[in-house]
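Accompanying notes for the structure given below.
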Amino acid sequence: MIDLPKPISAYFQADTSDGDAVAACFTENAIVKDEGNTYSGRETIRRWKTDSSAKYTYTVEPFAIATEGDKTVVTSHLVGNFPGSPVDLRYFFVFEGDKIAELEIIL
């Protein structure tokens, strides 16, 4: 496993848990962009994670980290029961203190 900043490590650890744990990693007004959708606010992010966890089972293994401007980019290998599995996704994180203010997940 690669060495991840604390907010990112907390996110990937929470991702194995539930929507509440994931939402706690974000600021109150955070934004997540995933699969062409935008989720604004901690409660909406909680529902996004709860819904996606109900649909899909998967494992995530971060294997690369880089910086692009104000974003920290983590590339992860995902394997699961979702269309297109397995796949490598890039997670673009923007922090506010020790919380995530923005996350965009793309191929």
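Bear in mind these aren't lab numbers, they're just calculated from the coordinates by the rules spelled out. Worth saying up front: this structure is predicted, and the values here are computed from it rather than measured. Cβ: placed from backbone, ideal geometry, glycine included. Neighbour counts: every protein chain shown.
Applying 0.36 nm per residue to the separation of Asn29 and Ser9 and subtracting their alpha-carbon distance, the gain on full extension is 5.2 nm.
A simple spin-label model places pseudo-atoms 7 Å from Cα toward Cβ; at His77 and Glu104 they are separated by 2.6 nm.
Note: the range 6-106, Cα convex hull, 90 Å³ per residue.
With θ taken as phi - 60° and the Karplus curve 6.51 cos²θ - 1.76 cosθ + 1.60 applied, the whole-hertz 3J(HN,Hα) list for the range 75-86 is 9, 10, 9, 10, 10, x, 9, 9, x, x, 5, x Hz, x standing for glycine and proline.
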